[in-house]
Amino acid sequence: MTTITDILSSMDYGPSPEDSSIAGDWLDRHSAGFGHFINGAFTKPGKTFTVNNPATGKALAKVTQGTAADVNAAVAAARKAQPKWAALSGHERARYLYALARHIQQHSRFLAVLESLDNGKPIRESRDIDIPLVARHLYHHAGWAELIADEFPGAEPVGVCGQVIPWNFPLLMLAWKIAPALAAGNTVVLKPAEYTPLTALAFTEIAAECGLPKGVLNIVTGDGETGSAITGHEGIDKVAFTGSTEVGRIIRRQTAGSGKSLTLELGGKSPFVVFADADLDAAVEGVVDAIWFNQGQVCCAGARILVAEAVAERFETLLTARMATLRVGDPLDKSTDIGAIVHPVQLDRIRDLVGQGVAQGAVLHQGQAPDGCFYPPTLATGVEPASVLATEEIFGPVVTLTPFRTPVDALSLANNTRYGLAASVWSENVNLCLDIASKIKAGVIWINCTNVFDAGAGFGGYRESGFGREGGREGMSAYLTRSAPRAKKPETAPPAPDATPYARGQTQGIDRTAKLYIGGKQARPDSGYSYTVQGARGPVGLTGLGNRKDIRNAVEAAHKAAGWGKATGHNRAQILYYIAENLSARGPEFEERLRSFGAGKNAAAEEVETAIRRCFWYAAQADKFDGAVHQTKSAHVTLAMKEPLGVIGIACPLAFPLLGFVSTVLPAIAMGNSVVAVPSQTHPLAATDFYQVLETSDIPGGVVNIVTGPRDDLTKTLAQHDEVAAMWYFGTSDGGRMVETESAGNLKQTWVEDGAARDWMSAEGQGRVFLEHATQVKNIWVPYGE
Ligand code: NAI
């Protein structure tokens, strides 16, 4: 007798192709080629290139290669439209975003088909994931537009945004970029990727349908050269980029010193950790979603399976069995699981990397794939941690499997990457999941799930996966600015430190040489030299002339103090209060010191008093500036945890020698970071006097390290240091450019301001902005309610 199981296993699979005629008609209507969408209308096609369907290799459309002149025109249109767009009420902008969301839903089938034709992704994904998420993003940001005045009081739009996006989620990335930008009152020049520009072009027609004012959204097509003309354009106020880490680094250097704000969403090599007590069947389905979703061309793809040794064999058996059932082929077939690779160039790249991996000893287990621009689902075992397959972003349907023994091993393997975009953790033990989630260095952690997204939660990376968040409140605030203080007279470079020895007695009786402060101890500078600190009436003392070796030692000490980040907010608060108390006890000494630099009696007293108040304020915030819980999906909540960045390098302003130091170092340590501070180059002695305050305040050694000397030289070493996670610089414009350029190596976050911009005595010297720069949000998706 034939059973149902027999029927199911022997039944032939019949294709169920999606009707592509509407998208075909649209392409036919545009067969003369596309121009750019500038100032509300299409330009005439210029020099064009062909966009192909990767699944068939057939041409779909001709698209214009954007020139510098095209970018100029687009930026001019955006610039002209911006004040009027910003002057609308949030509610008026909300109506436009709502209309865009509605129209996306009305055209959803057309957009899904066009996306699958252009990108090669299975129609099931474009229909059920990409396009619904596009609409969701626009709805969510219609909401932010409506609430902007309530939720972000005093905030202004940044201006004109230059946005460059990749080819893996063409329309979704467009929505992620433009929705917050437009909600905030910015206008946009966006470049889609050269492989996949078609849904962006179709979107312009939807924008026109919704009556979006001309110039608010401009789309310029072209390749990296066009992208570079946008990101480097002087008329652009903010650059937002999603793509490869390599190009992210180029853009970081290109925009250095330009004053443009920058967010980068870059590559990843995310771990997928399966513990022995995980629901293995669910975890196998998780792998399907982690690495075979969108052909693995996903920045947060779970590309490294780490599985507990005890279940590794069984897991591999289940996984290879599941691989055999994945259908690779026609993206427009509703039964297809894995579609086409976006472009033959990308296919070559995947083959090349896999070839290198095999040469390094990897063993492949592959499913089937048809001829053409397709690649089979691939599992690689026997992969050493240093192999290209374990380290490089492949951006294809290729996953590695590595067994581990203990949770500690799993964690060290998970964090053994220069990236930090996402991670997925599988176990039935909630304690273990949350413990591992807290220790993985990544911006998004999925517990017993993977690749889930929602506009209500932030998305973005740690380390070389970039900085900034998209989605949620953080994503919205990246498109807003609170009028940053401006220097009336910009800070000028201080004279080089004078290391010439001078006779004793010249310094009004002060013959003590201040040392550096590293790892909780006073340390002689490596150079063996000191430099003279000038006061109002001649030299007032000597301080150590720090060099790059001292900075390296200080960074090492700061690293060792990482336990500070795990102290509770309450513990940190107590120590900050204690610092305030000890500073208060030594108030008169500090006043005297400030007076020796030329401060008047009242000014000196006020600076000390303000410093004490500031310690109280950050002590108060230490256990209050915390995260949020987002209700993102019916079966999940998303914990938005504020985490310290790690080691922050801080270059203090020249003026306000005490307050400039306290106002920058305190917020950083209040949030659990450790710090290497370069105090005011001209008047460092107020900071070196601070050792005694620190020494009596129970702060663990290494949390605050102080290196005196030539600010920009020391800062350069900090900015180049791979173990420094963020750099704050309050100094000259040349120094700021240097910091932004040098920080491109490990893509550290930077905060650069003119040292003379803030009035450190006023409210400008303190606030949430300091705390925001001292933290990054980790979004942890936790099963909840189902
Ligand atoms: P890409 O980073 O070169 O391209 C992304 C976008 O940046 C495209 O629109 C491109 O035209 C533009 N672009 C290129 N050079 C530029 C420049 N100098 N200035 C401004 N814009 C520029 O990525 P590509 O070459 O398409 O892919 C190469 C590899 O990058 C992939 O194999 C993958 O590993 C990684 N990648 C990662 C993505 C992510 O979301 N993490 C997205 C796309 C690629």
Being surrounded by 24 or more Cβ atoms within 10 Å (Cβ to Cβ), in contact with a helix residue (DSSP H, G or I) (Cβ under 7 Å, 6 or more places away or on another chain) and either closer than 30 Å to Ala437 by Cβ or of a type outside the set (Lys, Arg) (or both) narrows Leu217, Leu212 down to just Leu217
Checked the range 445-487 for anything surrounded by fewer than 19 Cβ atoms within 10 Å (Cβ to Cβ), at pLDDT 95 or above and among the polar types (S, T, N, Q); matches are none
Taking the range 626-639 and keeping residues part of a strand (DSSP E or B) and either of a type in the set (S, T, N, Q) or out of contact with any helix residue (DSSP H, G or I) (no Cβ under 7 Å at 6 or more places or on another chain) (or both) leaves Ala628, Val629, Gln631, Thr632, Lys633, His636, Val637, Thr638, Leu639
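Every residue, every condition in (1) surrounded by fewer than 24 Cβ atoms within 10 Å (Cβ to Cβ); (2) farther than 23 Å from Glu194 by Cβ, yes or no:
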position: Gly57; (1), (2): yes, no
position: Gly66; (1), (2): no, no
position: Ala69; (1), (2): yes, no
position: Gly90; (1), (2): yes, yes
position: Lys121; (1), (2): no, no
position: Asp130; (1), (2): no, no
position: Arg136; (1), (2): yes, yes
Given the conditions (1) of a type in the set (Val, Ile, Thr); (2) part of a helix (DSSP H, G or I); (3) touching a residue at least 60 places away in the same chain (Cβ under 8 Å), every one holds for Val358 apart from (3)
From the option list Ile350, Ile436, single residue qualifying as among the β-branched types (Val, Ile, Thr), buried (at least 18 other Cβ atoms within 10 Å of the Cβ), within 13 Å of the ligand (Cβ to nearest atom) and assigned to a helix (DSSP H, G or I) is Ile350
Residue pairs within 7 Å by beta carbon, gap of at least six or interchain, first lying in the range 41-56 and part of a strand (DSSP E or B), second β-branched (Val, Ile, Thr), listed first then second, are Thr48/Val63; Thr48/Thr64; Phe49/Val63; Val51/Val63
Expected single match for over 29 Å from Asp118 (Cα atoms), surrounded by fewer than 21 Cβ atoms within 10 Å (Cβ to Cβ) and out of contact with any helix residue (DSSP H, G or I) (no Cβ under 7 Å at 6 or more places or on another chain) among Gly355, Gly382 is Gly382
Of those in the range 18-47 that are of a type in the set (S, T, N, Q) and more than 25 Å from Leu332 (Cβ to Cβ), the residue farthest from the chain's Cα centre (by Cα) is Thr43
When restricted to Leu133, Leu174, Leu182, Leu190, the only residue in contact with a helix residue (DSSP H, G or I) (Cβ under 7 Å, 6 or more places away or on another chain), among the aliphatic types (A, V, I, L, M) and farther than 25 Å from Gln82 by Cβ is Leu133
| field | Ile230 within 15 Å of the ligand (Cβ to nearest atom), assigned to a loop (DSSP other than H, G, I, E, B) and in contact (Cβ under 8 Å) with a residue 60 or more places away in the chain | value | no
Taking the range 155-194 and keeping residues within 10 Å of the ligand (Cβ to nearest atom) and among the aromatic types (Phe, Trp, Tyr) leaves Trp167, Phe169
Okay, strands (runs of 3 or more DSSP E) sitting entirely in the range 241-332 with 1 or more residues that are away from the ligand (no atom under 16 Å from the Cβ), of a type outside the set (Phe, Trp, Tyr) and crowded, with 22+ Cβ neighbours inside 10 Å, I get 270-274, 302-308
Among residues of the range 184-227 being in a loop (DSSP other than H, G, I, E, B) and charged (D, E, K, R), the residue farthest from the chain's Cα centre (by Cα) is Lys214
With the first residue restricted to the range 741-761 and required to be over 10 Å from Gly660 (Cα atoms), and the second required to be among the β-branched types (Val, Ile, Thr) and assigned to a loop (DSSP other than H, G, I, E, B), Cβ contacts under 9 Å at 6 or more apart or on different chains are Ser743/Val724; Asn746/Val724; Lys748/Val724; Asp754/Thr732; Ala756/Thr492
Of Val71, Val75, the only residue that is in contact with a helix residue (DSSP H, G or I) (Cβ under 7 Å, 6 or more places away or on another chain) and outside any loop (DSSP other than H, G, I, E, B) is Val71
Being in contact with a helix residue (DSSP H, G or I) (Cβ under 9 Å, 6 or more places away or on another chain) and closer than 30 Å to Ala324 by Cβ narrows Ala278, Ala282, Ala256 down to just Ala278
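The values are calculated or read from the model by the stated rules, or taken from the named source; none is laboratory data. Values in this document were obtained by computation on a predicted structure and should not be read as measured data. A quick note on method: Cβ atoms are made from the backbone with ideal geometry, for glycine too, and the neighbour counts reach across all protein chains shown.
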